[in-house]
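See structure below.
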Amino acid sequence: MIKIISESNDVSTNEVIEYLIAYNVDFKRENSDTFSNYSYTISNDLYDNENPVIWHRRSVQQLNPVDLMNYSFSYHLWNENDVVNKFYEKLNKQDKKYIGGFIEENQHNKLYDLHLAKLCGFKIPETLITNKKTDLVNFKKRFESIITKPFKDLIKFKDNNSVYSSQGTFIVKDHHIKELDEYFAVSKFQEYIEKELEIRVFCFDKRIFAMAIFSQNDERTKVDFRNYNLEKESRNISFKLPNNIVSKIKKILKNKEINTCSIDLILTPDNEFVFLEINPQGQFGWVSKNCNYYVEKYIAETLINYERNS
């Protein structure tokens, strides 16, 4: 049996499942936005005989009836749900083929990823973590240009009838710094690195798929391709990574003990690769379609092969 943990609106999951159906393979899907029944006994003499191949694509299993999540104590229930899901993942990773996961996505730290990438041989952007204005001023003096971006996620919240969202990655100007108090919310600042290309890498099991993003042709996407211009999308093509870069990526995955993720890199005008960040549950559909990689087919066939050999 193949088990898939995802979200009901995840298109990539749907497309992988289409291949599983075409291959007439049994599978079970658990979505984070629908209730999943679950029982497990921790005992001195009882053992779990279920032995599925698990692809943990997105989010977690929802083990509390959905109606309960509307109550004022729902935050506590989410925490309880979180404990059981992490137990489930740790338990099943011991002796089953488990690709993906929630723990690393939930706890993953992009600052530590920069440190790890450096240890694995990558060049990284010079990075300052600070809440002190004078240190930021001195950091900016070292570089022609610097950027700032969130430690983890963009800010997004609703207030009455309005929705507020942070800008994402942007260039820090002198007037931005001037407006800061001497001490401010702890933030991340990095040197701005000129790009020839941005590269999105998707890793799954033993395969690495890379796509070049021509983000420098548009002022809106020049700083970060994720500052999307939906009216004029960046050109994307398949890209072959050098063997030494592939080796560094595999070393990072080994050190982080993960077997799937998305990675963002920069190729500079001097033909140097720079590591930016990892997203453990990152998207891959656009890499697959723009480059004709048929990643969804590869994932389905990989799951089937593991299921047959389990």
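Read-outs: derived from the displayed coordinates by stated rules, not from any lab. Nothing here was measured: the structure is a model prediction, and the numbers come from that model. Here the Cβ positions follow ideal geometry from the backbone for every residue, glycine too, while neighbour counts run over all protein chains shown.
Every condition in (1) closer than 30 Å to Ile263 by Cα; (2) free of Cβ contacts under 8 Å to residues at least 12 places away in the same chain is met by Ile42 except one, and the failing one is (1).
Within the range 261-279, the set of residues being touching a Phe, Trp or Tyr at 6+ places or on another chain (Cβ under 9 Å) and under 15 Å from Asp113 (Cα atoms) comprises Cys261, Ser262, Ile263, Asp264, Leu265, Val274, Phe275. Just give me the residues in the range 164-189 being over 24 Å from the mean Cα position of the chain (by Cα) and either among the aromatic types (Phe, Trp, Tyr) or under 29 Å from Asn106 (Cα atoms) (or both), in sequence order. Result: Val172, Tyr183, Phe184, Ala185. So, in the range 261-294, of the ones that are over 19 Å from the mean Cα position of the chain (by Cα) and of a type outside the set (S, T, N, Q), which residue ends up surrounded by the fewest Cβ atoms within 10 Å (Cβ to Cβ)? Filtering first and then ranking leaves Asp270.
In the condition set (1) over 20 Å from Tyr306 (Cβ atoms); (2) among the acidic types (Asp, Glu); (3) buried (at least 19 other Cβ atoms within 10 Å of the Cβ), Glu80 is compliant with all but (3). The set of residues in the range 132-157 that are over 24 Å from the mean Cα position of the chain (by Cα), free of Cβ contacts under 8 Å to residues at least 24 places away in the same chain and surrounded by fewer than 12 Cβ atoms within 10 Å (Cβ to Cβ) contains only Lys141. One residue stands out in the range 14-37 among those that are touching a strand residue (DSSP E or B) at 6+ places or on another chain (Cβ under 9 Å) and of a type in the set (Ser, Thr, Tyr): the one that is surrounded by the fewest Cβ atoms within 10 Å (Cβ to Cβ), namely Thr34.
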